[in-house]
Amino acid sequence: MKLLHTSDWHLGQTLHQHERDGEHAHFLAWLLDTLVAEQVDALLVSGDVFDTTNPSAAAQSMLYRFLSQARQRMPHLNVVITAGNHDSPGRLEAPSPLLALFGAHVVGSVAQAGDGPDLSRLVVPLHNRAGEVAAWCMAVPFLRPADVPRVELPENNGDAYAAGIQALYRQVLAHALSLRQPGQAVVAMGHCHVTGAQVSEESERRIVVGGAEALAVSLFSPAIAYVALGHLHLAQSVGGDPTRRYCGSPLPMSFSEIHYPHQVVVVELAGEGVADTRSVPVPRCVDLLRVPAQPALLPQVLTALQALPDQPPPDTPHAPEAWPYLLVRVQLTQPEPGLRSQIEEALAGKAVRLVRIETSMAHSTPAQAAPTVTLDELDNLSPSAFFERLYSHRFGAPPPTELLGAFHELLLAPADAEGEAA
């Protein structure tokens, strides 16, 4: 049996107010072709299907259109979707009866049955092309405190939330093993942060619930053949084990992810184990550029921007929505009130979309921490002295004479206005 593991689609995401629906549509079209080309039997989507708990109609339509097309082209395909921390559990599950017609099983949260979780919803049979059960999937979504069993711990000894997650996974695994027949594998899904995995600070929302930030990889029993993880955007195996891994996001969600190897993972099962895991790169239809690669002074930055490719001629078919997103990185030695206008002038006629200007301060000597000032000393500082000290700390040099003169004019202006009014 062949599985395809993907996660963190973040449908509906914008990058600095730029809509990315076209990029997501391109990815889903590619994914559909890949499912067909690889002759995949089961698609596992491990959370963060949407970017927000209240996704747009366009984002939801994109998901449903993809599932409809997948059903048409691959009638035998098993689809299992779990919620991530960005998803609304209820909104994701609401169309479940309709999605079941497309062969999709959706789990947003842990439903209760009697005194415990409804394990039947969390363990999904995966059928091969002959219609036989070839594997069982532990479809565990992002777990909130209300989802996990209450575990009594000795006072100040351990984290009750993490212990509840471990208890729930044990219950789900026990139920899966009770259903499994010889020769059938057990695979698990999870949307969490596992200890030792690398985080993208700019675009991954920290999951801190009850003081727990990361879970031990030992959470996943050796009886589980493959663990399909979501939440972290960098594709990586956990603890060097290729059967416990994050597939990563299919698109770079921020400029910190420019060099990530965006991919999906194809998993081949053989009986109760894994025969092979293989990464399939996701083609990027829109690039993200940081110019320059490292922050530089403004003249160097303007030169680098002027060297960017020009827009195609007006009579040439072109698509501005495919132009790269641009982050400009500038080191300043003094205030630059016209910084944006200078950058926009350098970019005139260039086939890029400016989304952000990142500034930092360049000092001739290493910046020193500002000396501590007591409240009494602060009271005795004149506005001019305070301005000079702040400027020197930020730019590493005294303020220019003309700037200091403009500041003094500003200080005097209100008094002049009052005198004229009198």
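The values are calculated or read from the model by the stated rules, or taken from the named source; none is laboratory data. These numbers were taken from a predicted model, which means no experiment stands behind them. A quick note on method: Cβ atoms are made from the backbone with ideal geometry, for glycine too, and the neighbour counts reach across all protein chains shown.
A few notes on this one:
- Residues of segment 216-236 satisfying the condition of being in contact with a strand residue (DSSP E or B) (Cβ under 9 Å, 6 or more places away or on another chain) and assigned to a loop (DSSP other than H, G, I, E, B): A216, F220, S221, A223, I224, A225, H231, L232, H233, L234, A235
Conditions tested, residue by residue: (1) on the phi > 0 side of the Ramachandran plot; (2) among the hydroxyl-bearing types (S, T, Y); (3) surrounded by fewer than 23 Cβ atoms within 10 Å (Cβ to Cβ).
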| site | (1), (2), (3) |
| --- | --- |
| L3 | no, no, no |
| Q17 | yes, no, yes |
| V49 | no, no, no |
| S61 | no, yes, yes |
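- Unmet requirement for T401, which otherwise passes all of (1) surrounded by fewer than 10 Cβ atoms within 10 Å (Cβ to Cβ); (2) at pLDDT below 70: (2)
- Criterion violated by L302 - all others in (1) outside any helix (DSSP H, G or I); (2) in contact (Cβ under 8 Å) with a residue 24 or more places away in the chain satisfied: (1)
- Residue within segment 321-340 that is more than 23 Å from R20 (Cα to Cα) and assigned to a helix (DSSP H, G or I) present: yes
- Yes/no for A275 being assigned by TED's automatic domain parsing to the domain that holds Y169 and over 14 Å from L3 (Cα atoms): no
- Out of A83, A42, one residue alone is within 30 Å of A130 (Cα to Cα), crowded, with 23+ Cβ neighbours inside 10 Å, in contact with a helix residue (DSSP H, G or I) (Cβ under 6 Å, 6 or more places away or on another chain) and of a type outside the set (V, I, T). It is A83.
- Pairs with Cβ under 6 Å, 6+ apart, first in segment 341-358 and more than 9 Å from L305 (Cβ to Cβ), second surrounded by fewer than 12 Cβ atoms within 10 Å (Cβ to Cβ): G349/D310; A351/P309
Yes/no matrix, rows are residues, columns are (1) under 30 Å from L15 (Cβ atoms); (2) at pLDDT 85 or above; (3) within 29 Å of the chain's Cα centre (by Cα):
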residue	(1), (2), (3)
P314	yes, no, no
L332	yes, yes, no
G338	yes, yes, no
A348	yes, yes, no
A351	yes, yes, yes
A362	yes, no, no
N380	no, no, no
R389	no, no, no
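- For segment 225-261, the set of residues classified as touching a helix residue (DSSP H, G or I) at 6+ places or on another chain (Cβ under 9 Å), of a type outside the set (D, E, K, R) and surrounded by fewer than 22 Cβ atoms within 10 Å (Cβ to Cβ) consists of L234, V238, G239, listed by residue number.
- Flag if S279 is in contact with a helix residue (DSSP H, G or I) (Cβ under 8 Å, 6 or more places away or on another chain) and among the hydroxyl-bearing types (S, T, Y): no
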